[in-house]
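This report refers to the structure that appears directly beneath it.
The values are calculated or read from the model by the stated rules, or taken from the named source; none is laboratory data. Worth saying up front: this structure is predicted, and the values here are computed from it rather than measured. FYI the Cβ positions are ideal-geometry reconstructions off the backbone, even for glycines, and counts take in every protein chain you see. For the accessible areas, the whole protein counts, side chains as well, though only heavy atoms, and no ligand, DNA or RNA atoms are used. Shrake-Rupley method; radii C 1.70, N 1.55, O 1.52, S 1.80 Å.
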Amino acid sequence: MDRKKASDFPPQVLELFDGYVHGRLDRREFLDRAARYAVGGVTAAAFLEMLSPNFALAQQVKPDDSRIKTQRIDFDSPRGSGKMRGYLAAPANTGKAPGVVVIHENRGLNPYIEDVARRLATAGYVAFAPDALAPVGGYPGDETRAREMFGKLDQAKTVEDIMAAYPTLKARSECNGKIGAVGFCMGGLYTNVMATRIPELLAAVPYYGPPPTNLGDAAKIKSPMLVQLAENDNYVNSKWPAWEEALKANKVNYAMRMYPGTQHGFHNDTTPRYDEPAAKLSWQRTMDFFELHLRG
């Protein structure tokens, strides 16, 4: 099957899909609005199906790769939901290595995020990806159900659940205590939040994530930041100028990289919004950033 690209869709449909993915539109609203752009026998429902993730397209590192070891672990979130679960991927050797918390989008710990954790493990990091949906049964294997489940979470507890991944990773025998974070979409938001909440964090890489609600929390950031943004991402990018102003005002060590022509979600290689050149360049920058701050 040919991989669809963002350029195969009307830009208005991509914007509507972004609203659907992030809960600003429900399924019916998406279908009703997208129908006006349906031509050549392609229906609004077909747009939705084609834009949804296909995890078979994009497994870069197999779970049984001999270079790594993986496991699912339970961990405590005393200020959040109490008990949580996550996915740990580490180098197969027995030595200690730096750690990276990997924070998923608003659909839970899906196969794409697990693969990102494995990619980090093959690069020599202990990667830990918490599943925010653990309190309601965990990622269900269906993206639509996952979005619905995410809307039922206590968001204040979810923040604490994600933050609890940091001490969990730090306590692992495989980890040497030097820890960074990378997150995508909602995970980008929580990566920003983690930078404000955990001064010991050594590197933060939010991908197309909005800033914390309280921009003044930038004053609490000690870690360097690499902010990765898509060019065509109206919701997130509208919030960037104020966040950048707060980062500058508080002398945060940050860099922002915006990728021309890309859509929100350009790193996620399971959807048509994936942009291979931008994904590869941004990931190389992420790896260089972690190399500098977690190994330097």
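Is it the case, given these coordinates, that A90 is at pLDDT 95 or above and either out of contact with any helix residue (DSSP H, G or I) (no Cβ under 8 Å at 6 or more places or on another chain) or among the aromatic types (F, W, Y) (or both)?
No, not satisfied.
Find all pairs meeting these conditions: Cβ atoms under 7 angstrom apart; at least six residues apart or on different chains; first residue within the stretch 270-285 and touching a residue at least 60 places away in the same chain (Cβ under 8 Å); second residue part of a loop (DSSP other than H, G, I, E, B) and of a type in the set (A, V, I, L, M).
Final answer for the pair search is T270/A58.
Any idea how many residues of the stretch 134-162 are open to solvent by less than 50 Å² (accessible area, probe 1.4 Å), more than 25 Å from E49 (Cβ to Cβ), in a helix (DSSP H, G or I) and not charged (D, E, K, R)?
4
Please work out which residue is nearest to F289 (Cα to Cα), limiting yourself to the stretch 99-133 and to residues that are touching a His at 6+ places or on another chain (Cβ under 9 Å) and in a strand (DSSP E or B).
Only one residue fits best here, namely A129.
Name, by its number, the condition in (1) more than 20 Å from L57 (Cβ to Cβ); (2) surrounded by fewer than 13 Cβ atoms within 10 Å (Cβ to Cβ); (3) without any contact (Cβ under 8 Å) to a residue 40 or more places away in the chain; (4) not acidic (D, E) that does not hold for S7.
The single condition S7 does not satisfy is (1).
Does the stretch 150-196 hold any residues that are of a type in the set (F, W, Y) and touching an Asp or Glu at 6+ places or on another chain (Cβ under 7 Å), and which are they?
Passing the criteria: only F184.
Please determine whether any residue of the stretch 190-199 is assigned to a helix (DSSP H, G or I), modelled with pLDDT of 95 or more, surrounded by fewer than 16 Cβ atoms within 10 Å (Cβ to Cβ) and of a type outside the set (K, R).
There is no residue in the stretch 190-199 that is assigned to a helix (DSSP H, G or I), modelled with pLDDT of 95 or more, surrounded by fewer than 16 Cβ atoms within 10 Å (Cβ to Cβ) and of a type outside the set (K, R).
If I filter the stretch 74-84 down to residues being in contact (Cβ under 8 Å) with a residue 60 or more places away in the chain and not small (G, A, S), which single residue comes out as most open to solvent (accessible area, probe 1.4 Å)?
Applying the filter and picking the extreme gives R79.
Residue-wise test of (1) open to solvent by less than 30 Å² (accessible area, probe 1.4 Å); (2) farther than 28 Å from L189 by Cβ; (3) at pLDDT 85 or above.
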position: Q12; (1), (2), (3): no, no, yes
position: G23; (1), (2), (3): no, no, no
position: D32; (1), (2), (3): no, yes, yes
position: G41; (1), (2), (3): no, yes, no
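Let's see how each residue does on (1) in contact (Cβ under 8 Å) with a residue 60 or more places away in the chain; (2) open to solvent by 60 Å² or more (accessible area, probe 1.4 Å):
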| site | (1), (2) |
| --- | --- |
| T213 | no, yes |
| G216 | no, no |
| P224 | yes, no |
| L229 | no, no |
| N232 | yes, yes |
| Y235 | yes, yes |
| K239 | no, yes |
| E244 | no, no |
| A249 | no, yes |
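Identify all residues within the stretch 116-133 that are surrounded by fewer than 21 Cβ atoms within 10 Å (Cβ to Cβ) and charged (D, E, K, R); write none if there are none.
R119
Would you check which residues across the stretch 263-282 are outside any loop (DSSP other than H, G, I, E, B) and under 16 Å from the mean Cα position of the chain (by Cα) and list them?
Of everything in the stretch 263-282, those that are outside any loop (DSSP other than H, G, I, E, B) and under 16 Å from the mean Cα position of the chain (by Cα) turn out to be Q263, A278, A279, K280, S282.
Cβ contacts < 9 Å: first residue over 21 Å from D115 (Cβ atoms), restricted to the stretch 85-98; second residue of a type in the set (D, E, K, R) and modelled with pLDDT of 95 or more, any location; separation 6+ or different chain. Result?
Pairs found: T94/E174; G95/E174; K96/E174.
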